[in-house]
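Reviewing the structure listed below.
The values are calculated or read from the model by the stated rules, or taken from the named source; none is laboratory data. Small disclaimer: the values here were computed from a predicted structure and weren't measured. For accessibility, only protein heavy atoms count, side chains too; no ligands or nucleic acids. Shrake-Rupley method; radii C 1.70, N 1.55, O 1.52, S 1.80 Å.
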Amino acid sequence: MIPTIVIGDLHADLAAYRSVIRRHGARLPSIQVGDFGIGHFSGREVAEVLRRDR
C-alpha cells in the first residue's frame, strides 16, 4: 500500500487544492475525485483565471 492523498469536491477552490498539495503533495501521490468545479464561472473561478492571465 502507498499512502495517497484523496481530494474531493473543490467547488473551484484551487487555493485549497494548492495548499493541500504544497503541504503533502511533494511527498505523496494525490488523486482528485470528481471535478474541480471549473466551468461555472463562479467568482472564485474568474479570479483564478484573471490571476493566471497576468
Keeping all protein chains in position, work out how much accessible area I7 exposes to a 1.4 Å probe, and write it in Å² to the nearest 10. 20
Roll a 1.4 Å probe over the protein heavy atoms and report the accessible area of V49 in Å², nearest 10. 90
Amide H neighbours of Q32 under 5 Å, counting only residues 5+ apart in sequence or on other chains, H built in-plane at 1.01 Å? I7
Give, in nm to one decimal, the length gained when the segment between R18 and R51 is fully stretched (0.36 nm per residue of separation minus the Cα-Cα distance). 10.4 nm
